[in-house]
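Single-structure report; data block below.
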Amino acid sequence: MERALIIIKPDAVQRGLIGPILTRLEQRGLKFVGLKLIQVDEALARRHYAEHEGKAFFESLVSYITSAPVVVAVVAGKPGTVEMIRTLVGATNPAKAAPGTIRGDFGIDIGRNLIHASDSPESGERETAIFFKPEELIADWSRAVDPWVQE
Ligand code: UDP
Ligand code: MG
């Protein structure tokens, strides 16, 4: 199993896009194992985005992600799920993201790109542990539709 952390970023929450973005993931057949609305504080933002510390956009990224509530979710699935979600999300810069992707359909600016998704299964594990306590995740629930989504 792989897990990806998803963040519906402040701009998407403010724009009323929680539902449409969750729907994109849900209608694909992906399964949520964690979901909540939170306010990210500065320490959490710096920890989550540690790999970008020192880059030109880092401070504005921390301000952006802490500026208003976000929705965080964990999606779990078979190997390849994390890469599939990244494809669904689209390129980092919405101006260059393909139509049909979340960023390509809803955004125009790299500093307001609506959604975070883990970039590897390893990142998925690290980021899930940052945002969720084990007891907040429901790891092994089954859906009646599961056999109709996956053979
Ligand atoms: N970002 C930005 N300007 C840049 C590059 C990145 O504002 O030139 C922000 C943007 O919100 C992006 C986040 O920093 O989503 C993390 O960057 P990364 O390269 O990891 O992109 P992602 O994995 O989100 O596609
Ligand atoms: Mg990234």
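The values are calculated or read from the model by the stated rules, or taken from the named source; none is laboratory data. Since the model is a prediction, treat every value here as computed from it, not as a measurement. All Cβ positions, glycine included, derive from the backbone under ideal geometry; neighbour counts span all protein chains shown. Keep in mind that these areas ignore ligands, DNA and RNA; they rest on the heavy atoms of the full protein, side chains included. Shrake-Rupley method; radii C 1.70, N 1.55, O 1.52, S 1.80 Å.
So the values come out like this:
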item: Between helix 121-131 and the chain: long-axis angle, C-alpha atoms, 0 to 90°, nearest 10; result: 70 degrees
item: Globularity index of the chain, i.e. its alpha-carbon radius of gyration over 2.2 N^0.38 Å; result: 1.01
item: Radius ratio Rg over Rh of region 1-69, counting only Cα atoms, Kirkwood formula for Rh; result: 1.00
item: Hull volume in cubic angstrom per residue (convex hull over the Cα atoms of region 83-124); result: 54 Å³
item: For region 127-151 and region 1-34, distance of Cα centres in Å; result: 13 Å
item: Where region 70-148 is the region considered: accessible area per residue in Å², 1.4 Å probe; result: 54 Å²
item: Length released on extending from Asp105 to Ile18, taking residue separation times 0.36 nm less the Cα-Cα span; result: 29.9 nm
item: Farthest toward positive dipole pole in the chain [+1 Lys/Arg, -1 Asp/Glu at C-beta], among Tyr49, Ala91, Ile108; result: Ile108
item: Selected from Lys133, Lys96, Lys36 as most flexible by GNM, with the chain as the system and alpha-carbon contacts under 10 Å; result: Lys133
item: Net +/- balance of residues flanking His48 in space, Cβ distance below 10 Å, scoring K and R +1, D and E -1; result: +1
item: Share of carbon and sulfur in the accessible heavy-atom surface of the chain [1.4 Å probe, %]; result: 56 percent
item: Cα-centred dipole magnitude for region 1-74, charges only on beta-carbon of K, R (+1) and D, E (-1), debye, nearest 20; result: 300 debye
item: Candidates Gly19, Gly77, Gly54: whichever shows maximal mean-square fluctuation once the chain is modelled as a Gaussian network with Cα springs under 10 Å; result: Gly54
item: Interchain or long-range residues, amide H under 5 Å from Lys31's placed H; result: Ala76
